Amino acid sequence: MEVQTLKYPAIRNYVAGQSVESASTPTMDVFSPLSGQLISTLPLSNAAALDAAVQAAKAAFPSWSATPIKERVQIFYRYKTLLERDMKALADLVREENGKTYDEARAEVEKAIELTEFACSMPQLIQGEFLEVSKGVEARAERKPLGVVASIAPFNFPNMVPHWTIPNAIVLGNTMILKPSEQVPLSAVKIAELLKEAGLPDGVLNVVNGDKEIVEAICDHPDIQAVSFVGSTAIAKVVYIRATSNLKRCVALGGAKNHLMVLPDAHPEMTASNVAASMSGCAGQRCMAGSTMVGVGAIDGIVAKIVEEAKKIVVGKNLGSVISKEAKARIEQHITEAEAAGAKVLLDGRNAVVPGHEDGYYVGATVIDYVTPDMRIAQEEVFGPVLAIMRTNTLDEAIAIENANPYGNAAAVFTSSGSSARYVMDHANAGMIGVNIGVPVPREPFSFGGWNDSKFGACDITGKSSIEFWTQLKKTTTKWNPESRVNWMS
């Protein structure tokens, strides 16, 4: 029997600065969605393997948390230069394991660099507060790290999403366990290696691979103080409930059903290019994708231009693959069901094939018109390069459709009217709003986070809001002069 040579070495856990064998024996195959080919394997680690990583993080915490923050950030300044140095290699890994185009993969690494830059500004953001609250009595408030924390990352951004948490949490003095998606474990290995090269002490970041068992073990481990999660809403709810029931802090980001409201006075070319890019970027596999467009009034001309733009999006060129064979089948089933229910497929991406990569997992850009709110494609997150178009007569009807969905990540409006834009900003029930922008992702220092079933827990996962999540407040009151007059405040 011929033994297949893996393109990448078998993935191992990373504990206390070393690549180590997992305590468990089962492994899982890792496939590249670009080609459908086996490229590596990873261990399905058990609770014992997690505990080894937690103990390493726990041992590293006293020294790391006692290191002045001005010194901690120096490591991340060096790390930023390493990300820039290895940009192409990092983007190639993202492309290989996730299926993005090279430009999308590179943009993901560039965002990771921006997130690292923000973490380097932490000394200026957590200076604390000081006040003489009474004669001879001084009060001080300072942010202190929590201890060992954990980050559970998804498949759709193998490099960027870990950087939502790693730089901020670690710069703020915590030590961390990273659990990457079992579908995209390659980038996590490289991140850990580069941080070690930058000078991060052993044990401050540890990587544990696995599936559901490790997620449950993270939620249950008594020495983990906080958990962040990014993934589907169904799993986000489970993680949030399980982690908080074990008295941990938790912020869990789930799915989305983002609506792009298009008014007749929208700029046709700008709207078409933005809507097409929003629904198809990263093959639609992002929680900020504009998967549903709600046209208000006479917008046939804009729809025609959207189809024209979508036809320029070609699998294997400027459109990458979806993550798995199962994802491809599920997305195409959504299209088939919508068509059978009476929607009109204006551009059909089913059965897409890239020459030379016939076994890859590709779905072409798809535009479906005359979708109604009762159809499954209008209610569920498709997570593919598919745009479902619904029709309304008024902006209030469009907002009602947006607000009726259980999610609340993003909503956007395309219009030339400032008053219409303001109306949507005030009334859309979502945490991130776009005006003539199809993917309204906030840039640092503004934080990323939705509402409703798109996020569970207090605080956001990035930006200034994350500081409160990754730290706790210590208040100190001091008095040194016994000769000072004493009153009720002192």
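The values are calculated or read from the model by the stated rules, or taken from the named source; none is laboratory data. Everything quoted here is computed from the prediction, not taken from an experiment. Cβ coordinates were reconstructed from backbone atoms using ideal geometry, including for glycine residues, and neighbour counts include every protein chain displayed.
Observations on the model:
- Residues of the stretch 212-235 satisfying the condition of being out of contact with any helix residue (DSSP H, G or I) (no Cβ under 7 Å at 6 or more places or on another chain), assigned to a loop (DSSP other than H, G, I, E, B) and either farther than 25 Å from Phe383 by Cβ or at pLDDT below 95 (or both): Pro222
- Residue in the stretch 293-312 that is closer than 29 Å to Val30 by Cβ and modelled with pLDDT of 95 or more present: no
- Checklist (1) modelled with pLDDT of 95 or more; (2) not in a helix (DSSP H, G or I) applied to Cys287, failing item: (1)
- Set side by side, the residues Val161, Val133 differ, and just one is over 17 Å from the mean Cα position of the chain (by Cα) and farther than 19 Å from Ala56 by Cβ, which is Val133.
- Checking each residue in the stretch 418-439 for being of a type outside the set (Val, Ile, Thr), part of a loop (DSSP other than H, G, I, E, B) and within 14 Å of Thr271 (Cα to Cα) picks out Asn436, Gly438.
- Matching residues in the stretch 309-336 - criterion: being touching a helix residue (DSSP H, G or I) at 6+ places or on another chain (Cβ under 6 Å) and part of a helix (DSSP H, G or I): Glu309, Ala310, His334
- Only one entry of Phe155, Phe229 meets the criterion of being of a type outside the set (S, T, N, Q) and either crowded, with 23+ Cβ neighbours inside 10 Å or without any contact (Cβ under 8 Å) to a residue 12 or more places away in the chain (or both), and that entry is Phe229.
- For the stretch 296-308, the set of residues classified as surrounded by fewer than 20 Cβ atoms within 10 Å (Cβ to Cβ) and either part of a helix (DSSP H, G or I) or not assigned by TED's automatic domain parsing to the domain that holds Ile401 (or both) consists of Asp300, Gly301, Ala304, Lys305, Val307, Glu308, listed by residue number.
- Subset of the stretch 130-152 (residues that are surrounded by 15 or more Cβ atoms within 10 Å (Cβ to Cβ), modelled with pLDDT under 95 and assigned to a loop (DSSP other than H, G, I, E, B)): Gly136
- Enumeration of residues in the stretch 237-281 that are surrounded by 24 or more Cβ atoms within 10 Å (Cβ to Cβ), touching an Asp or Glu at 6+ places or on another chain (Cβ under 8 Å) and part of a helix (DSSP H, G or I): Val275, Ala276, Gly281
- Contact map, the stretch 422-446: residues that are touching a residue at least 24 places away in the same chain (Cβ under 8 Å) paired with residues that are among the acidic types (Asp, Glu), Cβ distance under 8 Å, separation 6+ or inter-chain. Pairs shown: Ala428/Glu402; Asn429/Glu402; Ala430/Glu402; Arg443/Glu114; Glu444/Glu114; Glu444/Glu117.
- Within the stretch 319-355, considering residues that are surrounded by fewer than 21 Cβ atoms within 10 Å (Cβ to Cβ), of a type in the set (A, V, I, L, M, F, W, C) and free of Cβ contacts under 8 Å to residues at least 40 places away in the same chain, the one farthest from Arg376 (Cα to Cα): Val354
- Filter pass, Ala234 being surrounded by fewer than 16 Cβ atoms within 10 Å (Cβ to Cβ), among the aliphatic types (A, V, I, L, M) and on the phi < 0 side of the Ramachandran plot: yes
- Screening Ile401, Ile389, Ile377 for residues that are closer than 24 Å to Pro268 by Cα, among the β-branched types (Val, Ile, Thr), crowded, with 20+ Cβ neighbours inside 10 Å and assigned by TED's automatic domain parsing to the domain that holds Ser280 leaves exactly one candidate, Ile389.
- For the stretch 91-105, the condition holds for no residue, the condition being that it is surrounded by 22 or more Cβ atoms within 10 Å (Cβ to Cβ), assigned by TED's automatic domain parsing to the domain that holds Ile170 and farther than 24 Å from Gly360 by Cα.
- Scanning the stretch 420-450 for residues that are buried (at least 18 other Cβ atoms within 10 Å of the Cβ) and among the hydroxyl-bearing types (Ser, Thr, Tyr) yields Ser420, Ser447.
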